1. Condition test on B:Leu392, is it within 9 Å of chain A (Cβ to nearest Cβ), buried (at least 19 other Cβ atoms within 10 Å of the Cβ) and out of contact with any Gly (no Cβ under 8 Å at 6 or more places or on another chain)?
2. For region A:41-64, give me each residue that is within 10 Å of the chain's Cα centre (by Cα) and β-branched (Val, Ile, Thr).
3. I'd like to check which strands (runs of 3 or more DSSP E) are fully inside region B:183-245 and have at least 3 residues that are farther than 27 Å from B:Val297 by Cα.
4. Starting from region A:25-37, take each residue that is assigned to a loop (DSSP other than H, G, I, E, B) and list its partners that are surrounded by fewer than 16 Cβ atoms within 10 Å (Cβ to Cβ), counting only C-beta distances under 7 angstrom and pairs at least six apart or across chains.
5. Take the conditions more than 10 Å from every other protein chain (Cβ to nearest Cβ), surrounded by fewer than 16 Cβ atoms within 10 Å (Cβ to Cβ) and out of contact with any His (no Cβ under 6 Å at 6 or more places or on another chain) and apply them to A:Ser31. Does it pass?
6. Which count do you get for residues in region B:136-182 that are under 22 Å from B:Ile234 (Cα atoms) and either part of a loop (DSSP other than H, G, I, E, B) or touching a Ser or Thr at 6+ places or on another chain (Cβ under 7 Å) (or both)?
7. Taking the criterion of being within 14 Å of chain B (Cβ to nearest Cβ), part of a strand (DSSP E or B), closer than 26 Å to B:Leu388 by Cα and among the polar types (S, T, N, Q), would at least one residue in region A:76-86 satisfy it?
8. So the check is Cβ under 9 Å with 6+ separation or different chains; which pairs have a first residue in region B:46-66 that's in contact (Cβ under 8 Å) with a residue 24 or more places away in the chain and a second one that's exposed (fewer than 10 other Cβ atoms within 10 Å of the Cβ) and among the hydroxyl-bearing types (Ser, Thr, Tyr)?
Amino acid sequence: MARAKVLLVDDEVEFASTLSERLNIRGYDTSAVYSADAVLNKVRSDIPDVVILDLKMPGASGLDILKAIKQFNPSIEVILLTGHGSEQCTAECESGGAFDYMMKPVEIDSLTEKIEMALGKKQK
Amino acid sequence: MLKAGIRGGMLDRLRRKVASWSTMPALTGPAEGPRSKDRYTSLKTRIFLLIGSLVCIPIVIITVISYVWLQSALKEDFNNQLRGNIESTRQSIDFFIEERISALRFLASSNSFGQLSDDKYLNDIFIKFKREFGELVDLGLIDSNGVQFTYSGPYDLKGKIYSNQDWFNAVAVRGVYVSDVFMGYRKIPHFAIAVKKELPEKGTFCILRATIDMATLNRSLSTFNLKSKDDAFIINGDGILQTQSRFHGNVLERVNIDVPHAKDAVSLHELRQNDGTPFIFGFTTIRNSPWIMGVTVTSNAQSKLLGLLTSDITAIYLALVLMVLGTVANMRITATVVNWIREAELEREEAIVQTHHTGRLASIGRLAAGVAHEINNPLAIINEKAGLMKDLMLMSDEPPDKEKFLGLIKAISDSVNRCRTITHRLLGFARRMDVQHEEIDLNDTIREVIEFLDKEVLYRNIKLDTRLKEDLPRIVSDKGQLQQVFLNIINNAIDAVPDGGVIAVSTEVKGRDMVRVTIMDNGQGIPKDTIKNIFEPFYTTKGKGKGTGLGLSISYGIIKRLGGDISVESEVGEGSTFYVELPIRTVGQ
């Protein structure tokens, strides 16, 4: 069985690379990009099953990237990561078509649980 | 117990903190202290005087008008009364003289020259006349040559010639004559009445002359109701006293008053004595005589009015009681009004404190959101690095790769340092919330504020251009409050500009004693009809839940209290520019 492809998008290199390594340990085919500009190229070249996307990125809003990903391929599930949550954030995530959002720092088990749920939804 | 103690201590600190907000003079204005008490005492005095004036001024005006009116009425009444008395006395003297003249005329007309030229007959008439008019001194008949033809009286005047005397000529012409007073042989004042009797059968005339004691006229004058300092007398046309005067000279002396030209009607003149005492001089001519009746009255309407007022002790007591009651009522009203003002001011101060508290919480809320985001990133790195270390430890029984672990530990340390930088910056900001005036570097203050916002600026790709004048003089001001102001304005600018927008912050010296901070953005701008309201509390153009409408209002209040000024220029579609001007030395420093 092929491993699920997970793409991590965050400008915090240390965070994204470490989380990527941990998800790899947990059996996901994980890669990371560190700028908004690189996301769409990566998505196009290697379509992920799930994207874990930082909501605030220099030069671009996570919501804009979310919309672009969904436009390119609506079947890609996106889990947003944010430094602080709010009602407004929840509403924007929902309207943008995100699967869910999580607060930083995330518990790895909660994240993998969310990834599994996203994959489950995708398979349906 | 320990937890409860810790919680109690924290609560106490919180209470002290909140209490310190309410006593910050820069926020609340005048606090309840000695100066405030002085202010309320001064206010009480002013209100007391104001109410007193409002009540007293009309009363004083009415009293003065009433006094003037009453004085005028009393003066009129007094003068009328005086005129009446003078007129009445004059009439009685007129009547007296008229009666004597008539009696003498009757004697002259009812008796023939022959009868009158008979000494015995004349003596009989004299006796009858004297019986009727007791004041008669003598009676004589003078022929047309001025020779005393017959005489009846105490002196030997028969044969005396009067042809060269003025009175003889006067009576010869006018038919009747009343003389001035003269002392006569007995050295008592007399006057003479003479009437002309025509003798047509002889083609000549004779004169019947009677001498009358002046005491009679004195008696007539005594009917005048004189007070102790008043006087009544008779003078002739030359001002020579014909009767004894109490204060203005003796008989046949010149009266010591400049007598104006007398008329038939009673005249009243207000004059002053040599010692300055005012008196009224009333005078009138006495008919059929060369005399003027004069009256001097020192009492006047004013003394009469004073007399009226002082005579009514009850009214004085009543006025005093009313004054005391009015003063007490005024004091009570003043105290009540001042209490209302004090309570209203306290409520206002509480509202201001509450408004500032709300505004501060809003600022802190926004700050907290930014800080949370900034801290969560390094925390997430720590979390992942520690998690990875745990994963590696659990995955293998082999000892972990030392180099990899050291790398992970270094990343954790670096992230902890990031967190520390953020928390220290935050603490520095929060600590200055309570700091009062100090010497500060305005450029540093602005830089610290911008550091808080650099992530948001970065994420939204906003170009934040700072042109801070290097040799800007240090100013004495409140750093914490200035940071709050700049945070509000720059936050507004961030909200106003689109992603990729430009915000420029610059500092410069303005004039000799001011510095100016200019915060310019290329946002949507503020419409002209809105710009006048932007410093009003609770006015916001941001959407619901996005702005409290307090930021600029509080900023305005802070800058004004720091002795500065804040203004804005804006063009819709081009952006806004806020100018904050601050004194290099703040007010009162």
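The values are calculated or read from the model by the stated rules, or taken from the named source; none is laboratory data. Because the structure is a prediction, the values reported are computed rather than measured. Cβ atoms come from the backbone with ideal geometry, glycine included; neighbour counts cover every protein chain shown.
1. no
2. A:Val50, A:Val51, A:Ile52, listed by residue number.
3. Once the strands (runs of 3 or more DSSP E) in region B:183-245 are filtered for at least 3 residues that are farther than 27 Å from B:Val297 by Cα, what remains is B:190-199, B:204-213.
4. Matching pairs, first to second residue: A:Gly27/A:Arg3; A:Tyr28/A:Arg3; A:Tyr34/A:Val13.
5. no
6. 6
7. Scanning region A:76-86, I find at least one residue that is within 14 Å of chain B (Cβ to nearest Cβ), part of a strand (DSSP E or B), closer than 26 Å to B:Leu388 by Cα and among the polar types (S, T, N, Q), so the answer is yes.
8. From residues that are in contact (Cβ under 8 Å) with a residue 24 or more places away in the chain, there are no pairs.
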